[in-house]
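Participant: I have a structure I would like to understand better, so I am pasting it below and will then ask my questions one at a time.
The values are calculated or read from the model by the stated rules, or taken from the named source; none is laboratory data. Here the structure is a predicted model, which means the values were calculated and not measured. Positions of Cβ are generated from backbone atoms using ideal geometry, with glycine treated the same way; all protein chains shown enter the neighbour counts. Note: accessible area is taken over every heavy atom of the protein model, side chains too, but ligands, DNA and RNA are not part of it. Shrake-Rupley method; radii C 1.70, N 1.55, O 1.52, S 1.80 Å.
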Amino acid sequence: MRSLKELARPNVRALKAYSSARDEYKGCEAHVFLDANESPYNSPLNRYPDPLQEELKTMIVDNRHRNYIWKDSDRVQVSSKNLFLGNGSDEAIDLLFRAFCEPRIDNAVAIDPSYGMYQVCAETNDIEYRKVSLTEHFEIDVDALLAATDGHTKLLFLCSPNNPTGNLIDVDKVERILANFDGLLIVDEAYVDFANKPSWLTRIPQHDKLVVLQTMSKAWACAGIRLGMAWANDYIIQLFNKIKYPYNVNKLTQEAAKNRLMKEELVHSEVQQIIEERESMRICLEALPIAICVYPSQANFLLVKFQDGDALYHYLVQAGIIVRNRNTVHRCAGCLRLTIGTKAENEELIKGIESFAQEVEQLV
Ligand SMILES: *Cc1c(COP(=O)(O)O)cnc(C)c1O
């Protein structure tokens, strides 16, 4: 098995990070700051933000320590040295390619269907992207995934709960990949807070090639501030810190994230409400004859196969209700992805689907 150092791109390993004024001076006794060509006016936004977001990272790590437990006892052993913060998880996805994949030589393997940004980032970086189909029931095929890898495969992307399918990936299957794949295994956990299984975060200390992606965009209800997290071995985090934009997470975002993290209880109850709504939406949808299948979901959305999903999608748009049309996605013909909203929003969606069904019925 290759070491992290062997997996990293040689130019990235060798480069020296840009050193900003705020990197060079770190201390708290000073009171006159004339080192960064900032304006003295318009405090506090006149100052550059903390390039490594130390305060925010400490708060996120504390939150995870309080909330994540593996098999009842194992607490999370990670620290802020294992955490990268970026402009959405999308930044971390891009950095994985830039730090590890040699353009036109290396490749990445991923499950299909899954989140679209893996492929966009692969192609932007001129990295071959190999898709391995999920089974009919959206399970991963470990043998097929491993068979798709070769000596130039640096990254393997899993997403659990997966987008757009909503299901979790079996722990045993992830374990098998961890044991047999000679590269970085990325588990995208954007929806983990809606799931009834623990995060892979607790396993970072044992697996130096495991990368866990999380975000403040979904359960934390902060998609607008753009804050994504990558958890990994500190060597990987150091590589990311070398090549990221120096001030990649702005001050307003850092402040908004801290304020939100202080409302842990509220967020927890919102997540519970979304989960309850998801389950009552499931019951409503399963009662509708035009819904052929409501797939199991551990996320804040339901993937539903309809008799004519495409027509339903356009009908709903006319009614001012926007859902995600996944009709053209691999293994998702006729499928719409329905995000769980407030009770009132969800009821309006159900009403819209019902009146579509009535109109279709009148036509036949
Ligand atoms: C929504 C989502 C993200 C979040 O991306 P951000 O850039 O953090 O908003 C990441 N991965 C998956 C699979 C998602 O669905």
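Participant: Quick check: residue separation of residue 293 and residue 272 times 0.36 nm, minus the Cα distance between them. What number comes out in nm?
Facilitator: Residue separation times 0.36 nm, minus the Cα-Cα distance, leaves 5.2 nm.
Participant: Next question, about the same structure. Could you compute the longest span of the chain free of GluC sites (Glu not before Pro) located in DSSP loops and having at most 10 other Cβ atoms within 10 Å, not counting the site residues?
Facilitator: Here the longest run is 137-364.
Participant: Dipole magnitude of the chain about its Cα centre, charges +1 at Lys/Arg Cβ and -1 at Asp/Glu Cβ only, in debye to the nearest 20?
Facilitator: Here the size comes out at about 900 debye.
Participant: Here is a follow-up. Counting alpha carbon pairs within less than 8 Å and at least 6 residues apart, what relative contact order, in whole percent, applies to segment 4-262?
Facilitator: Answer for segment 4-262 is 25 percent.
Participant: Quick one: among 56, 185, 201, which has the greatest mean-square fluctuation in a GNM of the chain with alpha-carbon springs under 10 angstrom?
Facilitator: 56
Participant: Note down the nm distance, to one decimal, between modelled labels 7 Å out along Cα→Cβ at residue 347 and at residue 360.
Facilitator: Those two pseudo-labels are separated by 2.4 nm.
Participant: For the chain, which span is the longest to avoid every loop-located (per DSSP) member of chymotrypsin sites (Phe, Trp or Tyr not before Pro) having at most 13 other Cβ atoms inside 10 Å?
Facilitator: Of all site-free stretches, the longest is 42-364.
Participant: Roughly speaking, to the nearest percent, how much of the chain's 1.4 Å accessible area is carbon and sulfur?
Facilitator: Result for the chain: 51 percent of the exposed heavy-atom area is carbon or sulfur.
Participant: Over 18 Å between C-alpha atoms is what I'm after, so list which of 81/197; 81/242; 131/305 land there.
Facilitator: Too far apart for the 18 Å limit: 81/197; 131/305.
Participant: Under 13 Å from a point placed 7 Å out from the Cα of residue 19 along the Cα-to-Cβ direction: which residues of segment 229-273 have their backbone N that close?
Facilitator: Of the residues in segment 229-273, none has backbone N under 13 Å from the label point off residue 19.
Participant: In the Gaussian network model of the chain, springs joining C-alpha atoms below 10 Å, which of 216, 59, 229 carries the largest mean-square fluctuation?
Facilitator: Sorting by GNM fluctuation, first place goes to 59.
Participant: Right, another one. Work out how much length residue 221 to residue 235 would gain on full extension: take 0.36 nm times their residue separation and subtract the Cα-Cα distance, in nm to one decimal.
Facilitator: 2.0 nm
Participant: Run the simple label-point estimate for residue 208 and residue 29 please: 7 Å along Cα→C-beta, distance reported in nm.
Facilitator: 3.8 nm
Participant: For segment 98-223, what is the charge dipole size about the Cα centre, in debye to the nearest 20, if Lys and Arg each add +1 at the Cβ and Asp and Glu each add -1 at the Cβ?
Facilitator: Roughly 320 debye for segment 98-223.
Participant: Calculate, for residue 38 and residue 133, the FRET efficiency according to 1/(1 + (r/R0)^6) with r their C-beta to C-beta distance and R0 56 Å; round to the nearest 0.05.
Facilitator: 0.60
Participant: Per residue, how much accessible surface does the chain expose to a 1.4 Å probe? Answer in Å², no decimals.
Facilitator: That works out to 49 Å² per residue.
Participant: Given springs between every Cα pair under 10 Å in a Gaussian network model of the chain, which of 182, 172, 208 has the largest fluctuation?
Facilitator: Of 182, 172, 208, the most mobile in the Gaussian network model is 172.
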